[in-house]
Amino acid sequence: MLSRLASSRSRGQDHTRARCAILCFLTNSIRNRDKHESTERRERMVGEIDRELLDRAFQVVADGVGDGSLDTAVLAVASRDRLIRAEASGNTSLDRLYLLASVTKPVFCSSVMRLVEEGRARLNDPVSRFIPEFAAGPKAAVTLWHLLTHTSGLDESAMAQAMRDGTANDAILASLNAPVMFRPGSHYSYCNASYYVMAEIIRLATGQDHATYIGNVVLAPLGMRDTGYAPRDADRAVPVLDMLGNDPSAARFSSFRLPAGGLWSTAADLIRFGQAFLKRGANDNGRFLAPATIKTMTSLHTGGIPKLSANGEFPSGYGLGWEKPNPGGEAAPSIELTTPSGHGHGGATGTLLWIEPDVDLVFVFLTNRWGHSSPHARSALNAAIAAFSATTA
């Protein structure tokens, strides 16, 4: 009896093990099939861009030129490794030079970060380390970090007056002598004068003016041969127009070589710059900034610091030379599809450079109307982000 029970129990266990083995086999088969199908789906998606949405991005820009909202425009989009598409609309071409205005700032800040990498300066250094005039009073608290994040509190009204009526040297002196409007670091207030101060620090630390230094440590390593503080070829420079279509003396503006807004460039050069940031500082000639530096520049630095505005206080969104998306803030307010890793900058001539690492996108928009905040660039960016999102689905 015991032997029969044992034999029966053994057969039952064998059947159970067999059922388990079959169940495991079927489960693994299903998992492998699902995994295979998932891999196939992903392989079909990776590298594919939604062409209809990308067409829409370019059509938005072409429509803006067609209805007169934009005088001319160049739109280019790229991944980290290749140019995807570039088109010129209006009386222009892809090799024309555009005044970048404040899209200059991330290029300028890249040169400052080379100073940091080389140990010549630290972000927390007081400005007075280089410029003794900052050692007295409230300005003694101003650091290089404050200058680059628009939190220095410097009053730029005298600099703006010098820009209208004086010389480049007058603008520098006005910036160096500017009082502070609030305690440094307590508020965000967009300030071009702080970049003039930073340009003077570059000169004192390196013995080179900012234009020469940027050329040596940023433009040359990245092969940005058409970029500079004066048009390399005057015949290729697109005139900067005001709202009435007149040229507001771009030649005079260029003579100031504004650290924060004076670069001229092409779409191709800005694509190279953006791709270097997507590749964490690498480029075809090696590396122009370290990965840690890229991360520092593109991180949100002003979170929690309120932005002063005529309409009250708002959250601010700024890195080091880069605008950052910030819900509820005024930085990049109408780019609804950006991600937290996104960073970019707009300019007063209507220009926009935006980089979205999460979808492997560099977006360049160039146009030439001073003081015109067109919705076309940011609408096109939304469409481009959506189009490139297919590559990461």
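The values are calculated or read from the model by the stated rules, or taken from the named source; none is laboratory data. Just so it is clear, the structure is predicted and the values come from calculations on it, not from any experiment. Cβ: placed from backbone, ideal geometry, glycine included. Neighbour counts: every protein chain shown.
From Arg164, Arg183, grab the single residue that is more than 23 Å from Thr212 (Cα to Cα), surrounded by fewer than 17 Cβ atoms within 10 Å (Cβ to Cβ) and modelled with pLDDT under 95. Sole residue among the options that is more than 23 Å from Thr212 (Cα to Cα), surrounded by fewer than 17 Cβ atoms within 10 Å (Cβ to Cβ) and modelled with pLDDT under 95: Arg164.
Selection over the stretch 342-361 of residues that are assigned to a strand (DSSP E or B) and under 9 Å from the mean Cα position of the chain (by Cα) gives a count of 9. Return yes when Ala331 is out of contact with any Gly (no Cβ under 8 Å at 6 or more places or on another chain), more than 25 Å from Leu219 (Cα to Cα) and either surrounded by 24 or more Cβ atoms within 10 Å (Cβ to Cβ) or modelled with pLDDT of 95 or more (or both) and no when it is not. When the stated conditions are applied, Ala331 does not pass them.
Applying the set (1) out of contact with any helix residue (DSSP H, G or I) (no Cβ under 8 Å at 6 or more places or on another chain); (2) in a loop (DSSP other than H, G, I, E, B); (3) aliphatic (A, V, I, L, M) to Ala268 leaves exactly one unmet item: (2). Here is the figure for the stretch 87-101: residues that are in contact with a helix residue (DSSP H, G or I) (Cβ under 6 Å, 6 or more places away or on another chain) and outside any loop (DSSP other than H, G, I, E, B) total 3.
For the stretch 298-321, what are the residues that are touching a helix residue (DSSP H, G or I) at 6+ places or on another chain (Cβ under 7 Å) and in a loop (DSSP other than H, G, I, E, B)? Answer for the stretch 298-321, where residues must be touching a helix residue (DSSP H, G or I) at 6+ places or on another chain (Cβ under 7 Å) and in a loop (DSSP other than H, G, I, E, B): His301, Thr302, Gly319, Leu320, Gly321. Candidates Ala237, Ala211, Ala178: the one that is more than 24 Å from Ser299 (Cα to Cα), touching a strand residue (DSSP E or B) at 6+ places or on another chain (Cβ under 6 Å), modelled with pLDDT of 95 or more and of a type in the set (A, V, I, L, M, F, W, C) is Ala178.
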